[in-house]
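Notes follow once the structure below has been shown.
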Amino acid sequence: MRAVLFAAMVGVGFLAGLRGFLLLIVALLASGVASWFLLAGPRARVSAAVDSRVQRSRERTAAEDQYVDSLMADPGVTQSDR
């Protein structure tokens, strides 16, 4: 999405008469500002999905740690059983 927005800004800048390095700089700045607002929704959804996966991973790790701790604390389990 960001690349499409940048390409659109290059097109708008070209139609406005900008050329060369100045065109690229203006398009980069304009697409950065526009993406801050226009891509806020998708950015929030991706962030929520990543956060959800991290939380699930932490829960699985905690469950595994608890299981291993319970095995280590069991007095009936010898070192050779582990």
Based on Cβ point charges of +1 for Lys and Arg and -1 for Asp and Glu, what charge dipole magnitude is obtained for region 2-67 about its Cα centre, in debye rounded to the nearest 20?
-> 200
Given the options S35, S70, S57, which has the most mean-square fluctuation in a GNM of the chain, springs set between C-alpha atoms less than 10 angstrom apart?
-> S70
Just need the relative contact order of region 2-67 here, percent rounded to a whole number, with Cα pairs under 8 Å and 6+ apart.
-> 30
Using just the helices of the chain, give the 222 nm mean residue ellipticity in deg cm²/dmol: DSSP H runs with n ≥ 4 each add -39,500 (n - 2.57), and the total is spread over all residues, rounded to 500.
-> -28500 deg cm²/dmol
Taking Cα atoms only, Rg over Rh for region 2-67 with Rh from the Kirkwood formula is 1.39
For the charge dipole of the chain, defined by +1 on Lys and Arg C-beta atoms and -1 on Asp and Glu C-beta atoms about the Cα centroid, which residue among G11, L38, A48 has the Cα displaced farthest towards the positive pole?
-> G11
Given Cβ charges of +1 for Lys and Arg and -1 for Asp and Glu, the option among P75, L28, S57 whose Cα lies farthest towards the positive end of the dipole of the chain is L28
For the chain, list the DSSP H helices whose alpha carbon atoms reach 30 Å or more along the long axis and whose average Kyte-Doolittle value is -1.0 or above?
-> 40-73
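Only the coordinates and a few stated rules stand behind these numbers; no lab work does. Just so it is clear, the structure is predicted and the values come from calculations on it, not from any experiment. No Cβ is skipped: glycine too gets one built from the backbone with ideal geometry, and neighbour counts run over all protein chains shown.
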